[in-house]
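The values are calculated or read from the model by the stated rules, or taken from the named source; none is laboratory data. Every value quoted in this text rests on a predicted model; they were computed, and no experiment measured them. A quick note on method: Cβ atoms are made from the backbone with ideal geometry, for glycine too, and the neighbour counts reach across all protein chains shown. The accessibility values were calculated without ligands, DNA or RNA, using every heavy atom of the protein model including side chains. Shrake-Rupley method; radii C 1.70, N 1.55, O 1.52, S 1.80 Å.
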Amino acid sequence: AGPGQAAMYAGLQELGVANGEDLKETLTNCTEPLKAIEQFQTENGVLLPSLQSALPFLDLHGTPRLEFHQSVFDELREKLLERVSAIALEGKVEERYKKLEDLLEKSFSLVKMPSIQPVVMCVMKHLPKVPEKKLKLVMADKDLYKACAVEVKRQIWQDNQALFGDEVSPLLKQYILEKENILFSNDISVLHNFFSPSPKTRRQGEVVQKLTQMIGKNVKLYDMVLQFLRTLFLRTRNVHYCTLRAELLMSLHDLEISEICTVDPCHKFTWCLDACIREKFVDNKRARELQGFLDGVKKGQEQVLGDLSMILCDPFAINTLALSTIRHLQDLVGQDTLPRESPDLLLLLRMLSLGQGAWDMIDSQVFKEPKMEAELITKFLPMLMSFVVDDYTFNVDQKLPLEEKGPIPYPSTIPEAFTKFLQENRIACEIGLYYILHITKQRNKNAFLRLLPALVETFSDLAFSDIFLHLLTGNLTLLGDEFALEEFCTSLFDGFFLTACSRKENVHRHVLRLLLHMHHKVAPAKLESLQKALEPTKQSGEAVKELYNQLTEKLELRKPSPAEVTETPSMELPLPTVPTPASR
């Protein structure tokens, strides 16, 4: 018998049951093999008197004994598995677990025998506390560890953080990769973007579901996952870990796992915020609720602010807060009210501030709300409101009958203070970027070109972050016809995108994504100069090269055939594109 045979009989000898080795020994040392086989069958067969006379019938039908014994064995195993599951639910708690522990003690020596293994695993699965010794044996054997149920693995993991980390780590990597794939997706659309899926849909994702399953109702494992997410967020500053923190909690909430939800101090806050994210707006009632949670943080419990800030740092939360802020500002213009007079607006800023300060708070371990700069409220937001007013006035002017002095031009300069705020104040920068997304979505080309130069230098390069560029490229598809105009393209590409392409690989990727989608709208001469400017360098990553090749292929297909070119000789030489001073 080879190693495979040995595994088939693993552990039988310890129980005093004869196995293949015993038969081999008997046959090797006997004079009459047939008699020895018969005796072995009698001693080890199914001991039912009525069966002895029935077996010859099977022989007449040509049914091998192996087949018969196998089917009896399978049937018995099914019955035993059913019985184990039943024992786990009946009688008093101590009694049922005592029965299962006894059964485990008797059967554990057969755990490596493939045919019996499912039964042993089933017994362990139903025991809330498998004896430590057995867990160690399972953990030490790769195959056994792999075969055991998640209920048993949880018991192993909760005392082995490193092993649990090894299991969770690939899932977290997969999660981040999935998020980045959406941000860099070749499908550019204003209707379906990164923020389109509802929170409930997102929680159905493979990684969230697997982690939820691995955690079960185990608070210790939940805490470990949160610790991993905090550590990774600190190490990488990647905000997608904050999204996963909120999604995981809400996934356990969906399953009504009160054992965990009641001990996570962020539960009710996250639940309320989740409803706002679903609506993409913070309404007054929920604003009061959220404020209640923030005001209710008691002395000595400030550490909860670290967790709340991480929940608020989730891009889906920031997106909701920023969209709500822009909507509030527009309403205030209509009501002739200043930002400092709106408690709802101040609460949105407070939450944005807490979310944006998450990394610093967790890093410094100083748990207090960041101070809001007064100038943000007294200067920056009124400035944004004045931009809204500029648009209103310009639109009204366009409708008035022309007088002698001719049409009033759209204001083209931006206050220096606006650019300074975008460079120096994180919250101002975030709101400013969302305002630019808002005007782009409204197809407001004038306002877009006016404010675009302010984006070249922003706080922590936020205007070149993937989420903003993903949204901007989507919204720019609405300004499709403008891409044919030299002035628009020079401002957008030369004045903004190309200023960062060489130092930021992600910007290079986003411009290529945009051109793959919009190339047919761009004037040929401009397209040619862009193609040269965007050529990958030796340092460029695979993704950039791949996108550039796709673009080149598309442009090749657009070129007219040589025959057409000879028929209409061009008299004009294309002029080199010179950036206008305003867009430098």
Over region 121-137, the set of residues farther than 11 Å from ALA149 by Cβ and of a type outside the set (Asp, Glu) is PRO128, LYS129, PRO131, LYS133, LYS134, LEU135, LYS136, LEU137
Restricted to region 249-298 and to residues being of a type in the set (Ser, Thr, Tyr) and in contact (Cβ under 8 Å) with a residue 40 or more places away in the chain, the residue farthest from THR325 (Cα to Cα) is SER251
Considering residues that are modelled with pLDDT of 90 or more and more than 13 Å from ASN446 (Cβ to Cβ), the number found within region 389-415 is 2
Here, helices (runs of 4 or more DSSP H) confined to region 453-516 with at least 2 residues that are over 29 Å from the mean Cα position of the chain (by Cα) and not charged (D, E, K, R) are 486-489, 498-501
* Asked: Does ASN446 satisfy the condition of being among the polar types (S, T, N, Q) and open to solvent by 30 Å² or more (accessible area, probe 1.4 Å)?
  -> yes
Exactly one of ASP360, ASP307, ASP344 is open to solvent by less than 60 Å² (accessible area, probe 1.4 Å), of a type in the set (D, E, K, R) and under 26 Å from ASP466 (Cβ atoms), and that one is ASP307
Restricting attention to region 300-335, the residues that are over 16 Å from ILE439 (Cα atoms) and polar (S, T, N, Q) number exactly 5
Residues of region 90-148 being β-branched (Val, Ile, Thr), surrounded by fewer than 18 Cβ atoms within 10 Å (Cβ to Cβ) and outside the structural domain of LYS79 (by the TED database), in sequence order, are none
Closer than 30 Å to GLU132 by Cα, among the hydrophobic types (A, V, I, L, M, F, W, C), open to solvent by 90 Å² or more (accessible area, probe 1.4 Å) and modelled with pLDDT under 70: does that describe LEU76?
yes
Quiz item: Hey, does region 253-260 have a residue that's part of a helix (DSSP H, G or I), of a type in the set (S, T, N, Q) and more than 19 Å from ILE362 (Cα to Cα)?
Solution: yes
Mind checking whether some residue in region 259-272 is closer than 30 Å to TYR392 by Cα and aliphatic (A, V, I, L, M)?
no
Residue pairs qualifying under the 6 Å Cβ cut-off, at least six apart or on distinct chains, with the first in region 526-539 being over 14 Å from HIS508 (Cβ atoms) and the second being open to solvent by less than 80 Å² (accessible area, probe 1.4 Å), are LYS526/CYS489; SER529/THR577
